[in-house]
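The block underneath contains the structure these notes are about, expressed in structure tokens.
The values are calculated or read from the model by the stated rules, or taken from the named source; none is laboratory data. These numbers were taken from a predicted model, which means no experiment stands behind them. Using ideal geometry, Cβ is built from the backbone for each residue, glycine included, and neighbour counts are taken over all protein chains shown. Accessible surface areas use protein heavy atoms only, side chains included; no ligands, DNA or RNA. Shrake-Rupley method; radii C 1.70, N 1.55, O 1.52, S 1.80 Å.
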Amino acid sequence: MPQDVPAAAVRDALFVLWDEILGRAGPGAEPHVLDPDAGWASTLAAVDAAEASRRVAPGGTSVAGQTAHAALALAYLEDILDGRATETDWPASFLPAEVDPIEWDLRRERLLAVADRVGARLRADPSWTHDHLLRIMSHVVHLAYHLGAVRQMVRAVRG
């Protein structure tokens, strides 16, 4: 007969995935969905501004655009957690597609900083509701999806 999984175990499992996808799992952590050290942090650290600015398909986005979008999605979640209702222009969240080295550093830093803030906030709140669980699960999936896109785009721009 199946048994209920304790809420703490669900939270712990989600944070294992959260940390892995963001590249915050730490050395020696067992990978569950990625090659070792293949999260956002290490992936973006290996990309320069020129590579980040190249579009891989006509009308498509760039690594810089994907990174901006992921950061905005996390900032949107942070606003929701703070009780602020925000309007977001999702198509514009991928812009600008081209960045200079300073803008690229800022974009990478923003994504990881907002992810760290949101992660800390979620870890500090032991009273998740069903809505909290759905939100964090959807953001784990969303971050993984866009990380996969970024990793493929990096391969494409490098030939």
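The table below lists the values:
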item	result
Filter result (open to solvent by less than 50 Å² (accessible area, probe 1.4 Å) and within 17 Å of ARG24 (Cα to Cα)) within the stretch 110-141	LEU111, LEU112, ALA113, VAL114, ALA115, VAL118, GLY119, LEU122, ILE136, HIS139, VAL140
Condition met for ALA92 (out of contact with any Ser or Thr (no Cβ under 6 Å at 6 or more places or on another chain), free of Cβ contacts under 8 Å to residues at least 60 places away in the same chain and in a helix (DSSP H, G or I))	yes
Any hit, the stretch 94-109, residues being aliphatic (A, V, I, L, M), closer than 18 Å to GLY23 by Cβ and touching a helix residue (DSSP H, G or I) at 6+ places or on another chain (Cβ under 8 Å)	no
Check on ALA13, of a type in the set (A, V, I, L, M, F, W, C), open to solvent by 50 Å² or more (accessible area, probe 1.4 Å), closer than 22 Å to ARG107 by Cβ and part of a helix (DSSP H, G or I)	no
Test: residue in the stretch 56-65 that is touching a strand residue (DSSP E or B) at 6+ places or on another chain (Cβ under 7 Å), under 18 Å from HIS146 (Cα atoms) and in a loop (DSSP other than H, G, I, E, B)	yes
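Residues are listed down the side, and each one gets a yes or a no for (1) in contact with a Leu (Cβ under 9 Å, 6 or more places away or on another chain); (2) closer than 30 Å to GLY159 by Cβ; (3) open to solvent by 50 Å² or more (accessible area, probe 1.4 Å); (4) at pLDDT below 90:
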residue	(1), (2), (3), (4)
MET1	no, no, yes, yes
ASP37	no, yes, yes, yes
ALA41	yes, yes, no, no
ASP48	no, yes, yes, no
GLY60	no, yes, no, no
ALA85	no, no, yes, yes
ARG108	yes, yes, no, no
